[in-house]
1. Evaluate E = 1/(1 + (r/R0)^6) for MET1 and THR30, where r is the Cβ-Cβ distance and R0 equals 25 Å; express this FRET efficiency to the nearest 0.05.
2. Using the Cα centre as the reference, give the magnitude of the dipole from point charges on the C-beta atoms of the chain (Lys, Arg: +1; Asp, Glu: -1; all else neutral), rounded to the nearest 20 debye.
3. Tell me the label only: which of (i) 21, 16, 7; (ii) 17, 11, 8; (iii) 20, 12, 7 is semi-axes √(5λ) of the Cα gyration tensor in Å as calculated from this structure?
4. Using the charge dipole of the chain (Lys, Arg: +1 at Cβ; Asp, Glu: -1 at Cβ; taken about the Cα centre), state which of SER8, MET37, GLY24 has its Cα farthest towards the positive end.
Amino acid sequence: MITIRPVSDLRNRFTEIEKTVKEGTPVYLTKNGYGTMVVMSLEH
């Protein structure tokens, strides 16, 4: 499943994002409704 979150969640909900990434699912971050970056684990 694709995980899309606002970039503000990187600061406000880091633990949740970290858990998702550690499970092998990349997290797509948006700013003002547009994709800006992807967070993914180096281990996968």
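Each reported figure results from applying straightforward, stated rules to the coordinates on display, with no laboratory input. If you're wondering where the values come from, they're calculated on a predicted model, not measured in any experiment. Please note: Cβ atoms are built from the backbone with ideal geometry, for glycine as well, and neighbour counts cover all protein chains shown.
1. 0.95
2. Around 160 debye, computed over the chain.
3. The listed entry that was calculated here is (ii).
4. SER8
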